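Notes for the one structure printed next.
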Amino acid sequence: MEQKDLGTYAQNTWCPGCGNFAILNAIKTVLGELNAEGLPLENVVLVSGIGCHAKIVDYINVNSFYSIHGRVTPAAEAIRLGDPKMKVIGFAGDGDAYGEGIEHLIFAAKRNIDITMVIHNNRVYGLTTGQYTPTSPQGYRGRSTPEGTKELPINPLELMLASGATYLGRGTSHGIELLKKLFKEAILHKGFSLVDVLQVCVTYFNMYEYYDKRVYELKDHNPLDYQQALNKIREWDYNRDARIALGTFYKRGSPTFEEGFFKQAVPPPERMEKIRLILESSI
Ligand SMILES: Cc1ncc(C[n+]2csc(CCOP(=O)(O)OP(=O)(O)O)c2C)c(N)n1
Ligand code: SF4
Ligand SMILES: [Mg+2]
């Protein structure tokens, strides 16, 4: 299946030059590849929140669910638990996932539920015109902080690593080939995966030049090594001026939440038989 077959009739309303286009193109290519490799597209569900990022599901011809701001993760988890053959991919903004929805993200990582979260981390509230988010750098001047925010940003990948995430990657909207690689790896990963995309908002926080000067791809990095992953994740803290590593920081195998959940929730056959006999005798 080709990218064009995954398009929809919806008119695209992102600003020209928005980094969301790179995410859209990368995910469409990856879904096409996975489909060609045997994944039926009816077994894929896309979930989004509220924000510029959220419109992505309007532009991809695959089943999707618009949740509410801050609730992409629990909606994705519920869909996955409702039908565990589904590949569920959540698209959330940094305001959505790292602000209002942060507790959901922490617990999804902790329980290692098999969903993929793609974070459109433009480091602003794009849709509501440029207020600061948990990843805006200190001093960021926007609508709600005309004198510059006084707070330090969080490092979301460090938080996710500490919470138990089993796959963590980072790309930028200027590097579509790497985005494709990361999205594919994350979707195929068994367990909770998150890709933080430094997605540039050209209108409210244009960081193209800043990132282009600082990013580099991880080489000779062992993603199975927690300490190495932590060191690389800490190299840049979303605030100070430093080189910015891109690629797969961490990846490890671990039982998923679903494996334990379904064992407990679905009674073993002998109990089912007892239930059947009780029900029959009560008719
Ligand atoms: C429950 C709830 N809280 C707040 C809002 C207001 N709101 C809508 S979009 C948005 C910010 C979106 O920012 P982000 O998630 O970073 O997405 P972006 O627009 O940058 O892609 C906010 C605060 C809302 N619609 N619903
Ligand atoms: S406001 Fe920013 S994030 Fe939203 S569409 Fe425009 S450039 Fe993209
Ligand atoms: Mg944002």
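Just so it is clear, none of the values below were taken in a lab; they were calculated from the coordinates. The shown structure was predicted, so the numbers you read here are calculated from the model rather than taken from an experiment. Glycine also receives a Cβ, built like all others from the backbone with ideal geometry; neighbour counts cover every protein chain displayed.
Here are a few things to note about the model shown:
- Residues in region 142-174 that a label on residue 190 would reach, taking backbone N under 20 Å of a point 7 Å out along Cα→Cβ: 164-169
- With a simple spin-label model that places each label point 7 Å from the Cα along the Cα-to-Cβ direction, the separation between residue 138 and residue 151 comes to 1.4 nm.
- Ranked by how many other Cβ atoms sit within 10 Å of their own Cβ, fewest first, the residues 237, 114 fall in the order 237, 114.
- Residue range of the chain that is longest and free of GluC sites (Glu not before Pro) which are both DSSP loop and sparsely packed (at most 15 other C-beta within 10 Å): 152-283
- Whole-Å distance, taken between Cα centres, linking region 242-264 and region 26-102: 17
- Legend: ranking of residues 160, 207 from fewest to most surrounding C-beta atoms inside 10 Å; resulting order 207, 160.
- Using alpha-carbon coordinates, inclination of helix 20-36 to the longest axis of the chain, degrees: 30
- Theoretical FRET efficiency, 1/(1+(r/R0)^6), r = Cβ-Cβ of residue 43 and residue 217, R0 35 Å, to 0.05: 0.65
- Projected label points at residue 206 and residue 33, each 7 Å from Cα along the beta carbon direction, are separated by 3.1 nanometres.
- Rounded, prolate or oblate (a/c below 1.5 giving rounded, otherwise prolate when a/b exceeds b/c) for region 1-159 by Cα gyration tensor: oblate
- Sequence-separation-based contact order of the chain, relative, with Cα cut under 8 Å and 6+ spacing, percent: 17
- The order of 196, 5, 96, going from fewest to most other C-beta atoms within 10 Å of their C-beta, is 5, 196, 96.
- Taking 0.36 nm per residue of separation and subtracting the current Cα-Cα distance, fully stretching the chain between residue 241 and residue 15 would add 78.6 nm.
- Region 60-85 residues near the modelled residue 1 label - backbone nitrogen below 13 Å, point 7 Å along Cα→Cβ: 60-64
- Charge context of residue 178, other residues only, Cβ under 13 angstrom, K/R +1, D/E -1: +1
- Around residue 130: net Lys/Arg minus Asp/Glu count, Cβ-Cβ under 14 Å: +2
- Fraction of antiparallel bridges per DSSP, region 3-255 only, in percent to nearest 5: 25
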